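Chemist: Before I ask anything, let me first share the structure, which is written out below as structure tokens.
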Amino acid sequence: MKKAISVALMIGLAGCATAPSKVKPTYVSSYQYNSYSCAEIRQELTTVSARVQQITGQQQSAATTDAVVMGVGLILFWPALFLLAATDDQKDELGRLKGEYEALHSAAKAKKCRL
């Protein structure tokens, strides 16, 4: 019984979605935006920003769900910890999008674009 609880806890901890605020940007080179005009950079920033907001909401929902399941699993019903693997952790995509956002800002600054 203790072994099953330990395995469930390990699976649960490995499957927890990261809170969006803790996701660090992945490096994206601003070089790819060198040929963009200021208008194109602004448009791309708008697109990336909207996608960041969408993924942030989904990531926050997954992190909240995982926190609730973890609490229920640890306190009331340990088999619930297996549900943690079912949430969709999108931290890699969120990190990439945050990196793109930073790269776009760097490109805009280098071109002296007004945002």
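Chemist: Could you rank the peptides 94-104, 35-45, 55-65 by their average count of other C-beta atoms within 10 Å per residue, with the highest value first?
Modeler: By packing density, highest mean first, the sequence is 94-104, 55-65, 35-45.
Chemist: Would you mind computing, in nm to one decimal, how far apart the modelled labels at residue 37 and residue 114 are, each placed 7 Å from Cα along Cα→Cβ?
Modeler: 1.6
A short reminder: the numbers here are calculations on the coordinates, not readings from a lab. Note that the coordinates shown come from a computational prediction; the quantities given were computed from them, not determined experimentally. As a convention, Cβ positions derive from the backbone with ideal geometry for all residues, glycine included, and neighbour counts pool all protein chains shown.
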